[in-house]
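Peer 1: Structure below; questions to follow.
The values are calculated or read from the model by the stated rules, or taken from the named source; none is laboratory data. In this text the structure is predicted, and so the values were computed from the model without any measurement. Reconstructed Cβ throughout: ideal geometry from the backbone, glycine too, with neighbour counts over all protein chains shown. The area values use the complete protein model at the heavy-atom level, side chains included, leaving out ligands, DNA and RNA. Shrake-Rupley method; radii C 1.70, N 1.55, O 1.52, S 1.80 Å.
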Amino acid sequence: MTAQLIDGNALARKLRAEIAARASHLKERGTVPGLAVVLVGNNPASEVYVRNKVKACEDNGLHSILDRQPADLSEADLLARVRQLNDDPAVHGILVQLPLPPHIDAQKVIEAIAPEKDVDGFHVASAGALLTGGLGFWPCTPHGCMKMLESIDYDLRGKHAVVIGRSNIVGKPMALMLLAKNATVTICHSATSDLAAFTRTADVVVAAVGKRNVLTADMVKPGAVVIDVGMNRTDEGKLCGDVDFDGVKEVAGWITPVPGGVGPMTITMLLANTLEAAERAAKQAEAAP
Ligand code: GUN
């Protein structure tokens, strides 16, 4: 193996310790950072994600409310619940776990969340803030990827970064974050005609497709930084990413593993956003006459 590993577990531990210290400091000033997690129905994968988010809050001094709702909850009732949480001063962050049942318009629900509590960073106001360089919340997964690049002191200025995937949650915000750090950014996607032609010239590749072996060794420039956002299963049921790790690690300069790479960073950035929301709210309350 020639590539150095970017250890998401170790970085997440370090950042969570810093978050816990800040949360404790805020608590001393009378504010306990609070996250409300709304789960509609009982999708098994969502159950696991939500449990992990609630546990991460508890472990790091944040208060969390798990708000379980039945699968047949009406859209109107979910919107009413979100508005109730918007008005609750003990709740600084609101997360509605996706996917929602098909009878509910997820975007409508996301837009109902108060932007100052949108710790997922999915609201149009958050997307707009990222686009324009304003104050908002960045989506947790790409934000976690940026922290991983920061952890190796990687200077993105003038580098060619290729993002594979164009989702609203990862690909598009990832491209904007890289651009904000002065990288030259290419977004590739399912209709890109020659993916390898782009990735071979990339100093940084972020793979966020949700498909195994999207990036193989022959597609990577020697020494490149490879960040794998994918979360897939092999035929044997083993967790794997979008990158052919065994091949690419022999060519890349840096690589994130799956598991133990981007995954632990996503929840860490959710904690960071919730803490940030609470700090902003406390500051505003202190400034109020
Ligand atoms: N479902 C899968 N990942 C996420 C996430 O990051 N946020 C929300 N709200 N739902 C998800």
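Peer 1: At residue 286 and residue 29, where each label point lies 7 Å from the Cα along Cα→Cβ, what is the point-to-point distance in nanometres?
Peer 2: Taking the two extended label points, one gets 0.3 nm.
Peer 1: Residue 190 accessible area, nearest 10 Å², 1.4 Å probe?
Peer 2: For residue 190, solvent-accessible area is about 120 Å².
Peer 1: Here is a further query. Over the range 64-143, how many percent of alpha carbon pairs lie in each 10 Å bin up to the one with the longest distance?
Peer 2: 18, 51, 28, 4
Peer 1: Can you give the FRET efficiency for residue 157 and residue 131, using 1/(1 + (r/R0)^6), R0 = 22 Å, r = Cβ-Cβ distance, to the nearest 0.05?
Peer 2: Details: r = 20 Å, r/R0 = 0.91.
Efficiency for this residue pair is about 0.65.
Peer 1: Please give me the summed charge of the neighbours of residue 16: other residues whose Cβ is under 11 Å from its Cβ, Lys and Arg +1, Asp and Glu -1. Spell out each step's value before the answer.
Peer 2: On the way: positive: 13, 14, 22; negative: 18, 59.
That sum, taken over residues with Cβ under 11 Å, equals +1.
Peer 1: What number comes out for the charge environment of residue 278, summing +1 per Lys or Arg and -1 per Asp or Glu over other residues with Cβ under 12 Å away?
Peer 2: For residues surrounding residue 278, the net value is +3.
Peer 1: What's the longest piece of the chain with no exposed trypsin sites (Lys or Arg not before Pro), counting a site as exposed if DSSP puts it in a loop and it has at most 11 other beta carbons within 10 Å?
Peer 2: Maximal segment without exposed cleavage sites: 30-156.
Peer 1: I want to check the label-to-label distance for residue 124 and residue 69. Put each point 7 Å from Cα in the C-beta direction and report it in nm to one decimal.
Peer 2: 2.0 nm
Peer 1: Angle check, please: helix 140-151 long axis (alpha carbons) against the longest principal axis of the chain (alpha carbons), in degrees 0 to 90, nearest 10.
Peer 2: The two axes meet at around 60 degrees.
Peer 1: Next question, about the same structure. About its Cα centre, what dipole magnitude does the chain give when the only charges are +1 on Lys and Arg Cβ and -1 on Asp and Glu Cβ, stated in debye to the nearest 20?
Peer 2: 340 debye
Peer 1: Quick check: at a probe of 1.4 Å, how many percent of the accessible area of the range 4-43 sits on carbon and sulfur atoms?
Peer 2: Here it works out to 49 percent.
Peer 1: Which distance in nm do the two modelled labels at residue 84 and residue 21 give, with both placed 7 Å along the Cα-to-Cβ direction?
Peer 2: 3.9 nm
Peer 1: Please tell me which of these pairs span more than 31 angstrom C-alpha to C-alpha: 27/53; 172/238; 117/221; 14/117?
Peer 2: Going by Cα-Cα distance, 117/221 fall outside the 31 Å limit.
Peer 1: OK, next. Once both axes come from the Cα atoms, what is the angle between helix 262-287 and the longest principal axis of the chain, in degrees from 0 to 90, rounded to 10?
Peer 2: The angle comes out at about 40 degrees.
Peer 1: Ok, one more. Give me the net charge for the shell around residue 267: Cβ to Cβ below 13 angstrom, other residues only, Lys and Arg +1, Asp and Glu -1.
Peer 2: Once all neighbours under 13 Å are counted, the net charge is +3.
Peer 1: Let me ask something additional. Who wins for biggest fluctuation among 128, 260, 30 in a Gaussian network model of the chain, springs between alpha carbons below 10 Å?
Peer 2: Judging by the Gaussian network model, the answer is 30.
Peer 1: Would you mind calculating the gained length between residue 45 and residue 168 on full extension (0.36 nm times residue separation, minus the Cα-Cα distance), in nm to one decimal?
Peer 2: The residue 45-residue 168 span can extend by a further 42.3 nm.
Peer 1: Dividing the alpha-carbon radius of gyration of the range 132-174 by 2.2 N^0.38 Å (N being the number of residues), what value is obtained?
Peer 2: This ratio for the range 132-174 stands at 1.22.
Peer 1: In addition: Normalise the Cα radius of gyration of the range 1-133 by 2.2 N^0.38 Å (N = residues in it) and let me know the number.
Peer 2: 1.18
Peer 1: In units of 2.2 N^0.38 Å, what is the alpha-carbon radius of gyration of the chain?
Peer 2: Against the compact-globule rule of thumb, the ratio is 1.02.
Peer 1: Give the separation of the Cα centroids, the range 57-99 to the range 247-282, in Å.
Peer 2: About 23 Å separates the Cα centre of the range 57-99 from the one of the range 247-282.
Peer 1: Taking only Cα atoms of the range 135-289, what ratio of Rg to Rh do you get with Rh as the Kirkwood inverse-distance radius?
Peer 2: 1.03
Peer 1: Residue 55: which aspartates and glutamates have alpha carbons under 15 Å from its alpha carbon, excluding same-chain residues fewer than 8 sequence positions away?
Peer 2: Result set, ordered by chain and number: 47, 67.
Peer 1: Still on this structure, I have one more. Of the heavy-atom accessible surface of the range 81-183 (probe 1.4 angstrom), what whole percent is carbon and sulfur?
Peer 2: The value for the range 81-183 is 56 percent carbon and sulfur by accessible area.
Peer 1: How much length is gained on full extension from residue 103 to residue 52, taking 0.36 nm per residue of separation minus their Cα-Cα distance?
Peer 2: On the way: separation 51, 0.36 × 51 = 18.36 nm, distance 2.63 nm.
Working it through step by step, the gained length comes to 15.7 nm.
Peer 1: Measure nothing fancy, just the Cα-based angle from helix 75-86's long axis to the longest principal axis of the chain, in degrees from 0 to 90, nearest 10.
Peer 2: With rounding to tens, the tilt is 80 degrees.
Peer 1: Separate question: Hey, quick one: spin label on residue 2, modelled 7 Å out along Cα-Cβ, who in the range 240-257 has an amide N within reach, i.e. under 18 Å?
Peer 2: 244-256
Peer 1: Using a probe radius of 1.4 Å on heavy atoms only, what accessible surface per residue do you get for the chain? Whole Å² is fine.
Peer 2: Ligands and nucleic acids excluded, the result is 47 Å² per residue.
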